[in-house]
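**Student:** One structure coming up, written as structure tokens, with questions to follow.
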Amino acid sequence: MNKKITFKSGEFGYVDYKSTNPFEFYHILNELEKVEEQDLQGWLLFPEKAKKPYSCMVCVHHSGGWGAAQYEMIQTFLESGIAIFQVDSFEARGVISTVEDQMAVTTAMLMADAFEPLKFLSKHPDINDAKIGICGWSLGGGASLYSGWLPLAEKLAPDGERFALHLSYYPIALHWPEEMRWTQAPMLNLIGDKDDYAPFSLVQRLSKGINDSGSNSKDILYPNALHGFDSMYPKTFWPDSLVPKTEEFGRIDKSGNITYETKGGEILSGNSPEDRMKLFEEFAGFGAWTGGTWDLRRACKKDAMEFLMENLL
């Protein structure tokens, strides 16, 4: 799809490319060839001081798009000698934010948007094709996390390109695959122990399943931290209507079908937009504290950079 994208040594900056619009993981696994193409753009940034070929991070934003905390981390990557490809999954789709509408741009779409740069950056003469990682926040963190699930990676990059590591900030982990085949690349999830928007317990249970499968996933849990790494607010600041109604995973069977089971035992499908709306009514809470506090920002930056220094540089 993007085979015509080529780079000369020293070439960086704005990149137009093609992605696709799979609504859910089911469509990646079963109908990717039928999914419509999507015009997209991103920015390739090189560090000021580093030796070529560069290590590189493909960075994927959260439901609110790109914000100050993400730009701060990108600057840290660059100052550490790591090239950056900054994906913008919203602008070309005419979306500003999905905070109020999580169906406008989905985790599956973000994954497609991230794998295409992995493929064409692997051919850049100034980038080490064995050292391209992925980093995402929240919705993008889910894309970073699940891009390590091999059935999806094999569909999105059938020629074998794989991310060298996966760095996920408070990732949304909602699916438990029946087929537990995961990347051997190191994975790090940075999560808050009071996060009840993307419950940390789901990430921890999934990480255990990944490790039990023989792959490598690690969590760092920050005490008294909510989604976005805010300090814990009193419960009165969190209306009951916003608290998620369940901490159960959706299940992905070997054919790619996603199902959820209600407390009453009803099995709900999770493959289509109509399915998603019914699931929101049954399970989901809406809203998340965002912003972050300085001590948590410093802690997660330190932990993230130690992970990158050990595994990418």
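The values are calculated or read from the model by the stated rules, or taken from the named source; none is laboratory data. Quick caveat, the model's predicted, so the values are computed rather than measured. Note: ideal-geometry Cβ built from the backbone for every residue, glycine included; neighbour counts use all protein chains shown.
**Student:** Consider GLN204 carefully, then state whether it is more than 15 Å from the chain's Cα centre (by Cα), without any contact (Cβ under 8 Å) to a residue 24 or more places away in the chain and surrounded by fewer than 20 Cβ atoms within 10 Å (Cβ to Cβ).
**Tutor:** When the stated conditions are applied, GLN204 passes them.
**Student:** Can I ask one more? Test VAL87 against the stated conditions and say whether it is within 10 Å of CYS135 (Cα to Cα), among the aliphatic types (A, V, I, L, M) and within 16 Å of the chain's Cα centre (by Cα).
**Tutor:** So VAL87 fails the test.
**Student:** Another question about this same structure. Within the group GLU248, GLU274, which residue is surrounded by 14 or more Cβ atoms within 10 Å (Cβ to Cβ), modelled with pLDDT under 90 and not aromatic (Phe, Trp, Tyr)?
**Tutor:** One residue alone meets the criteria, GLU248.
Listed here are the residues, each with its yes/no results for (1) at pLDDT below 55; (2) assigned to a helix (DSSP H, G or I); (3) of a type in the set (Ser, Thr, Tyr).
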{"position": "THR236", "(1), (2), (3)": "yes, yes, yes"}
{"position": "GLY256", "(1), (2), (3)": "no, no, no"}
{"position": "THR259", "(1), (2), (3)": "no, no, yes"}
{"position": "PHE286", "(1), (2), (3)": "yes, no, no"}
{"position": "ASP303", "(1), (2), (3)": "no, yes, no"}
{"position": "GLU310", "(1), (2), (3)": "no, yes, no"}
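**Student:** Starting from region 128-154, keep only residues that are under 17 Å from TYR26 (Cα atoms), then list their pairs with residues that are surrounded by 24 or more Cβ atoms within 10 Å (Cβ to Cβ) and of a type in the set (Ser, Thr, Tyr) whose Cβ atoms are within a distance under 7 Å, requiring at least 6 positions of separation or different chains.
**Tutor:** GLY142/THR107; ALA143/THR107; LEU145/SER168; TYR146/THR107; LEU152/TYR146; ALA153/SER147
**Student:** Another question about this same structure. Give the residues of region 171-183 that are within 23 Å of ILE132 (Cβ to Cβ) and out of contact with any helix residue (DSSP H, G or I) (no Cβ under 6 Å at 6 or more places or on another chain), sorted by residue number.
**Tutor:** Result: THR183, single match.
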